[in-house]
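Everything below concerns the one structure shown next.
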Amino acid sequence: MKAKLVRKVLSYMVVAIMATAMLTGCNPKEVIEETGVTDVLSGDSNDAEVTSDENTDTENDTDSDVAEETTDGELSDGAEAKEEVYKDPNGWSVPYDPTYFKVDRQSDKVVFTYTGGKGEPATITFKYQEGKSGKELADDFAKEYGGAQIEDREDFMYVENVKSYFINKEPEDSSKGPFVSAFTRDYKDGGFSMEVYEKFVGDDIEDTNTSDMVTLILGGIQFDK
């Protein structure tokens with residue numbers, strides 16, 4: 001039972017590592033692989049020790065252990081997670097929790113707004129533009145961001161072997177932001193982009209929660225083959 005709790009904590013670590021990698025301009029996939037956290041989650045490391053730990057806990061259940069099992073898979077405020085999947089007509093999808101995100105589908109874009117924070121809401125804007133390549137979209141963002149540099153990447157988040165571009169706008173306040181960045185790629189007959197807007201409140205826990213929730217959305221995107 002404690003092994004289950006450890007796995008849950010490790011899953012949160014994956015999200016935190018992804019958020020840190022994105023904020024520092026690193027490739028989230030490479031950072032996750034180098035840390036080896038996903039190996040532990042998948043059971044590739046120390047399987048025997050985990051099995052032994054689970055057996056021991058089963059034989060020695062306490063009231064606190066039962067409480068841990070009861071709340072496993074639930075949100076911190078006691079409400080059960082209600083994952084839904086947004087499926088776009090252009091062939092991409094994103095899982096999200098409507099408890100914390102509002103989805104606004106507009107004529108040319110889809111905006112996910114994080115409603116669980118205390119400060120200005122963070123947003124993730126997805127957009128498919130027919131007739132424009134991922135590089136052209138990156139050039140547009142770089143110009144909009146005041147001449148920001150464009151970073152070439154070999155993967156698009158967790159979608160491997162898809163050339164992409166990352167553009168980051170320098171924040172007005174290095175501690176609070178706003179932090180604005182964009183990811184672009186070629187897609188179908190045009191280009192696809194994800195733009196992130198975050199503004200922190202100065203509270204480490206609150207700001208980390210916001211980044212983690214945003215990263216969950218970015219890391220969950222999938223494309224039809």
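Summary of values
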read-out	value
Some residue of region 207-218 being closer than 25 Å to Gly119 by Cα and part of a strand (DSSP E or B)	no
Those residues of region 98-117 which are closer than 23 Å to Glu206 by Cβ and without any contact (Cβ under 8 Å) to a residue 60 or more places away in the chain, in sequence order	Pro98, Thr99, Lys102, Val103, Val111, Thr113, Thr115
Considering residues of region 84-122 that are among the β-branched types (Val, Ile, Thr) and within 13 Å of Ser193 (Cβ to Cβ) only, the residue farthest from the chain's Cα centre (by Cα)	Val110
Residue within region 132-147 that is polar (S, T, N, Q), closer than 19 Å to Asn90 by Cβ and either in contact with a His (Cβ under 8 Å, 6 or more places away or on another chain) or assigned by TED's automatic domain parsing to the domain that holds Val214 (or both) present	yes
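Yes/no per residue for (1) closer than 19 Å to Gly220 by Cα; (2) in contact with an Asp or Glu (Cβ under 7 Å, 6 or more places away or on another chain):
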site	(1), (2)
Asp97	yes, yes
Val103	yes, no
Ala122	yes, yes
Gly134	no, yes
Thr184	yes, no
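Residues are listed down the side, and each one gets a yes or a no for (1) modelled with pLDDT under 95; (2) farther than 20 Å from Thr123 by Cα:
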{"residue": "Lys143", "(1), (2)": "no, yes"}
{"residue": "Ile150", "(1), (2)": "no, yes"}
{"residue": "Asp155", "(1), (2)": "yes, yes"}
{"residue": "Val162", "(1), (2)": "yes, yes"}
{"residue": "Ile167", "(1), (2)": "no, no"}
{"residue": "Ser181", "(1), (2)": "no, no"}
{"residue": "Phe192", "(1), (2)": "no, no"}
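The values are calculated or read from the model by the stated rules, or taken from the named source; none is laboratory data. Fair warning: this is a prediction, and the values are worked out from it, not measured in the lab. All Cβ positions, even for glycine, are placed from backbone atoms using ideal geometry, and neighbour counts span all protein chains on display.
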